[in-house]
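Here's the structure we're looking at; comments come further down.
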Amino acid sequence: MCSAGAAGREKWVLFAVCATLFVMSMFYRMSAAVIAEDLGRDLNLDPGGLGLVGGAFFYAFALVQIPLGLLLDRAGAKRTMMLLNLAGLLGALLFSVAGGLGTAVLGRILIGVGMAANLMGSLKLFTHWFDLRRFATLSGLLVSLGTLGTLGATSPLVFLSQAVGWRSAFQCLAAFHGLLVLALGLLVREAPPAGPPRNAESQASPSTSGPGPSQALKRLFRNPNYWAISWSIFLRYGAFASIQALWAGPFLMTCLGFSQARAGHILLMLSLGFILGAPAGGLVSDRLLRSRRNAVSLAMACSAAAILVLSRWPVHAAPMLLGTLLFVNGFFNGFNQISFAHIRELMPPSMSGTAMTGINVFTMAGAGLFVHGLGEIISRLGTGGSGECGLVRLVFVICFAAVASSALLYRFTRDAPALRRASARGTRSGGPPS
């Protein structure tokens, strides 16, 4: 049995390894965009082929979520993460030597499968190592740190690719990824040797006595809270992803007349807000409101209001105020990760992996379908009488309706009794969670 101090150090080593693996996941997710020109030239790809290479990651990532959750609960998070990350490592190496579309797509599929466990597996490990009352805060910090991967997949990847070529760049990344997999194998344990900390899940090892896969899915799908949380996350993250990944740029440049460089600077505020909002949302949920439902509902109401104001933003308003508005939208969308803590608490400990990956399917599906669907709407409407700027503003109105509906839908969920009991114990003890 290790000392409390040693166990404390070990769990933060675990957090560091998990966070870095999630940074890699976010990096791989966004990496195809900045090297698209190189890929098109070297692999002789047209725009459709480039789109397939970029989308292959997301399709694989989403499709593997449900079986991933069952595997996390039955085989354990560490073994699952090791297995899938090895597949991702193989995918990165395969992608780096691709000679055409087929090999490149296969490499991206393997990367998508490999990265699918890095967030959900980390959250599963946290259920064994950390106090229940810190879970939303830690998951928010994890998501916030992971966003560094999206920043790394911009200028740093461009500089590395220009220095050594995109193929060698991915081989360097694969080497670093291999070191992380080794660290996961050597430094991380599934659970503390003395059992989980106070108020953590009592299930400290892979479940052998919990419900089987079909029973677990049936129990999850019969829970009305699952569907309310899932559809809410589908609407709100789909709207946010479509604004961040596609429509905010045209809005700033086409409607407001900003240059590409200045639009990029302003859009940075959206990402900065999200980075700060994810851990802040966890703290608000864990310590201030002590309610998942109230924290998410309030955040989505504020986000909806920000999007509505954005849709009516005047052309000659101060850029600083616009940056602040985008920061506010990103900040409150950072509260999105609270839903993982919420569904985890509403389901039995032996089903936490299945529950969290169950709502993550809707996260990824929302992002893909909103980006694609809103694009189809704009294409079908054409410029019409309102012009391109009017159609972009229409996108913001649709996103406002989606996020407002998400806030309303979340009011139909309930907080878990375990959270209320843990909060009550913390209030009586007067101390911070262990």
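The values are calculated or read from the model by the stated rules, or taken from the named source; none is laboratory data. The structure displayed is predicted, hence computed values, not measured ones. When we count neighbours, we look across all protein chains shown, and the Cβ atoms used for this are built from the backbone with ideal geometry, even at glycine.
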Yes/no for Arg292 being buried (at least 20 other Cβ atoms within 10 Å of the Cβ), among the basic types (Lys, Arg) and touching a residue at least 40 places away in the same chain (Cβ under 8 Å): yes
Where Arg290 falls short, out of the listed (1) touching a Cys at 6+ places or on another chain (Cβ under 8 Å); (2) of a type outside the set (A, V, I, L, M, F, W, C); (3) at positive phi: (1)
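Yes/no matrix, rows are residues, columns are (1) touching a strand residue (DSSP E or B) at 6+ places or on another chain (Cβ under 8 Å); (2) in the same structural domain as Thr147 (by TED's automatic domain parsing); (3) among the β-branched types (Val, Ile, Thr); (4) within 27 Å of Pro156 (Cβ to Cβ):
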{"residue": "Ala19", "(1), (2), (3), (4)": "no, yes, no, yes"}
{"residue": "Ile35", "(1), (2), (3), (4)": "no, yes, yes, yes"}
{"residue": "Leu72", "(1), (2), (3), (4)": "no, yes, no, no"}
{"residue": "Gly107", "(1), (2), (3), (4)": "no, yes, no, yes"}
Single unsatisfied condition, Gly140 versus (1) of a type outside the set (Phe, Trp, Tyr); (2) surrounded by fewer than 24 Cβ atoms within 10 Å (Cβ to Cβ); (3) touching a residue at least 40 places away in the same chain (Cβ under 8 Å): (2)
From the options Gly49, Gly40, Gly8, residue that is closer than 26 Å to Ser352 by Cβ and modelled with pLDDT under 90: Gly8
The range 173-222 - residue that is crowded, with 17+ Cβ neighbours inside 10 Å and polar (S, T, N, Q) and, of those, modelled with the highest pLDDT: Asn199
Wholly enclosed helices (runs of 4 or more DSSP H) of the range 286-360 bearing at least 1 residues over 26 Å from Phe22 (Cα atoms): 292-311, 319-333
Residues being over 16 Å from Ile266 (Cβ atoms) and touching a residue at least 24 places away in the same chain (Cβ under 8 Å) - total across the range 299-310: 7
Flag for Glu376 being part of a helix (DSSP H, G or I) and free of Cβ contacts under 8 Å to residues at least 60 places away in the same chain: yes
Residue among Met1, Met30 that is at pLDDT below 80 and more than 22 Å from the chain's Cα centre (by Cα): Met1
Enumeration of residues in the range 91-105 that are surrounded by fewer than 17 Cβ atoms within 10 Å (Cβ to Cβ) and either assigned to a helix (DSSP H, G or I) or of a type in the set (Gly, Ala, Ser) (or both): Gly99, Gly100, Gly102, Thr103
Cβ pairs under 6 Å, 6+ apart, first in the range 34-59 and within 16 Å of Gly107 (Cβ to Cβ), second at pLDDT 80 or above and exposed (fewer than 15 other Cβ atoms within 10 Å of the Cβ): Leu43/Gly100
Yes/no for Asp131 being acidic (Asp, Glu), farther than 17 Å from Met351 by Cβ and in contact (Cβ under 8 Å) with a residue 60 or more places away in the chain: yes
Selected residue (only one of Leu270, Leu256, Leu252 is in the same structural domain as Asn336 (by TED's automatic domain parsing) and under 24 Å from the mean Cα position of the chain (by Cα)): Leu270
Hey, Thr363 assigned by TED's automatic domain parsing to the domain that holds Ser303, outside any helix (DSSP H, G or I) and at pLDDT 85 or above or not: no
Some residue of the range 379-388 being within 19 Å of the chain's Cα centre (by Cα) and either more than 22 Å from Phe234 (Cβ to Cβ) or modelled with pLDDT of 85 or more (or both): no
Any chance Phe412 is among the aromatic types (Phe, Trp, Tyr) and either farther than 23 Å from Gly273 by Cβ or at pLDDT below 90 (or both): yes
Among (1) modelled with pLDDT of 80 or more; (2) in a helix (DSSP H, G or I) - the single one Trp247 does not satisfy: (1)
Residue list for the range 60-90, filter: buried (at least 20 other Cβ atoms within 10 Å of the Cβ) and of a type in the set (D, E, K, R): Asp73, Lys78
Only listed residue being assigned by TED's automatic domain parsing to the domain that holds Ala228 and surrounded by fewer than 21 Cβ atoms within 10 Å (Cβ to Cβ), chosen from Met320, Met351: Met320
